[in-house]
Amino acid sequence: MHAKGGPPLGHVLSRTAARAEVHLLALSALPPAVAGSARRLCASVVTPADEHRPDLVSLIVARAEAVGADAVLTFSEYAVVAVAEACEALGLKGAGSAAALARDKRLMRRTWRQHGLPQPEFRPVDTEADLHAAARALPGPLLLKAAWSAGSTAHRIIRSPHEVPAAWARSRAVMAESAQLGYAELHVAEADAHYVVEQIVTGTASGWFDEPGWGDYVSVEGVVTDGTFRPVCLSGRMPTVEPFTERASITPALLPEDAQDRIVDLARRAVDALGLRDCGTHTEIKLGADGRMWLIETAARFGGAMTVPQIEEVFGLDLVGMLVDHLLGRPAAWPERALTPARARGAAGSLVVLAVDGRGRAWPDRRLWDFRAVSADVPLSRGSRLSVVAESSLADGEVVPVYDPAAGANTMAALCLLSATDARTVLRDFETVVDALPRVLPAAQPQEVSA
């Protein structure tokens, strides 16, 4: 089932179609760059009309029964709960009845608190009055999040109580804007009214990584099969853009083996606590001084953007195809333990193009996205290859959006993939690209900006 978000549709469809006959239920418009190939790869493509769309779970069940489906899966964060419930109704393998615990940040944090797992202090909030009360009770600064959001949308930092009204209003407005763009929970009623506010803990990459430039959090990519968590590898990050918008993911994360083992152990306890059954997982963990760690969140699906293609390139694992095999009852050769950098064949990373420089400052003027200019004019390391993910990017010649801290990834211009000899090179090349973008991209003319 296709909806906004997740890995590129072209990648997951080609891998799924290589293992099984695919029937595509498209709740979001197919990206133009892959619409043709999607129809060639799939036995059927159905886009239900909004006015005729019943309850989403019923729609999925009806379509699955109509085509005699042996498995139902989605790679979209916004459809995870609906697909899990449909699989339950159909008697098929899926994330299970606990899927909502890996979507609703309030339930997720409550569950982890019950299991004594390390995480920031938090409070669920449903009203501005709740947020005022939480701001008085929790040590600041605080981060307000929409409980069902993804891509760092609707995040607002609150440094003092007088910032509460503006933060509340802006976060709610962004959620409404995101829903209009199709980036919203598709199944749970009133999900846009649920929020959580949490203490901002102090992270550091120092003491974890041997060189500067890495961000202070990592993600553990994995899968749950028949209730057993199977870690695959770790991905590192560049520092986020304020408030906490992700700029780049790099596979593998260059961590010592003992540090990786400790991080994987925490991810295992986090996933086990949620009680997931059969699904991909993506667990983000904040790194602190003296070996401290805090759970950020776990998703009951594979990481978005280019995480899955990065793993395939670096470790030779087709996670999509392997999950399809498992859901269809076939054997899949999951790693016995999380793969380390020593097992990597080079490195790969994905870069979200935002209109901010390496220090998070807005570009001084408006620019047009033009990947040809980037590939021609940005010097990369020897052996590095940069490509653009067309279905996740503006067309060349379109105006790069102004970065909006509250909107997060909604204001991205493009998504790029870099392959290099090692992770250090990916990191340095990304720094080079970020610094060069406002110089090499063509300037936008006033009439183009207004249009």
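Where a number appears in this text, it was derived from the coordinates with a stated rule and is not lab data. Since we're looking at a predicted model, the values are computed, not measured. Don't worry about glycine lacking a Cβ; one is built from the backbone with ideal geometry, like all the others, and counts go over all protein chains shown.
Just one of [x] 23.2, 80; [y] 24.4, 83; [z] 21.0, 58 is Rg and Dmax of the Cα atoms in Å as worked out from the coordinates here. Which one is it?
The calculated read-out lines up with [z].
How big is the dipole moment of the chain about its Cα centre under a simple scheme where the beta carbon of each Lys and Arg is +1, that of each Asp and Glu is -1, and everything else is neutral? Debye, nearest 20, please.
Roughly 340 debye, rounded to the nearest 20.
Loop only per DSSP, at most 16 neighbouring Cβ atoms within 10 Å: give me the GluC sites (Glu not before Pro) in region 169-231, ordered by residue number.
Here the GluC sites (Glu not before Pro) that fit, given the DSSP loop and packing criteria, are 190.
Of the listed pairs 93/286; 93/145; 4/145; 105/286, which have alpha-carbon separations greater than 21 Å here?
93/286; 93/145
Return a whole-number percent for the relative contact order of the chain, with Cα pairs under 8 Å and 6 or more residues apart as the contact set.
16 percent
Note down the net charge around residue 330, summing +1 for each Lys or Arg and -1 for each Asp or Glu among other residues with Cβ under 15 Å from its Cβ.
Within the 15 Å Cβ shell, the charges total -3.
Would you work out if region 158-265 is rounded, prolate or oblate? Take a ≥ b ≥ c from the square roots of the eigenvalues of the alpha-carbon gyration tensor; rounded if a/c is under 1.5, else prolate when a/b is larger than b/c, oblate otherwise.
oblate
Counting other Cβ atoms within 10 Å, keep those with at most 15, restrict to DSSP loop, and tell me which trypsin sites (Lys or Arg not before Pro) in region 333-434 are left.
Here the trypsin sites (Lys or Arg not before Pro) that fit, given the DSSP loop and packing criteria, are 337, 345, 359, 361, 382.
Which order do peptides 59-67, 300-308, 10-18 fall in by mean Cβ count within 10 Å, highest first?
The packing order, highest mean first, is 300-308, 10-18, 59-67.
Within region 334-436, report the GluC sites (Glu not before Pro) that DSSP leaves as loop and that have at most 12 other Cβ atoms within 10 Å.
Those satisfying the criteria are 336.
Between residue 228 and residue 136, with labels modelled 7 Å along Cα→Cβ, what's the label distance in nm to one decimal, could you check?
Placing both labels 7 Å along Cα→Cβ, they lie 5.2 nm apart.
Based on Cα positions only, what radius of gyration and what Dmax would you give for region 121-199, in angstroms?
Every Cα atom of region 121-199 included, Rg and Dmax give 11.9, 35 Å.
Considering the dipole of the chain built from charges on the beta carbon (Lys and Arg +1, Asp and Glu -1) around the Cα centre, which of 196, 58, 92 is farthest to its positive end?
196
Show that you can apply the helix-only estimate: for the chain, add -39,500 (n - 2.57) for every DSSP H stretch of four or more residues, divide by all residues, and state [θ] at 222 nm to the nearest 500.
Calculated mean residue ellipticity at 222 nm is -10000 deg cm²/dmol.
Once label points are set 7 Å from the Cα along Cα→Cβ at both residue 127 and residue 180, what is their separation, rounded to one decimal in nm?
2.8 nm
What does the C-alpha gyration tensor say about the overall shape of region 78-128? Classify as rounded when a/c is under 1.5, otherwise prolate if a/b is larger than b/c, or oblate.
Cα axes put region 78-128 in the oblate bin.
For region 232-388, give the magnitude of the charge dipole about the Cα centre (Cβ charges: +1 Lys/Arg, -1 Asp/Glu; no others), in debye to the nearest 20.
Roughly 280 debye for region 232-388.
About its Cα centre, how strong a charge dipole does region 9-100 have in debye, to the nearest 20, once Lys and Arg get +1 and Asp and Glu get -1 at the Cβ?
It works out to roughly 440 debye.
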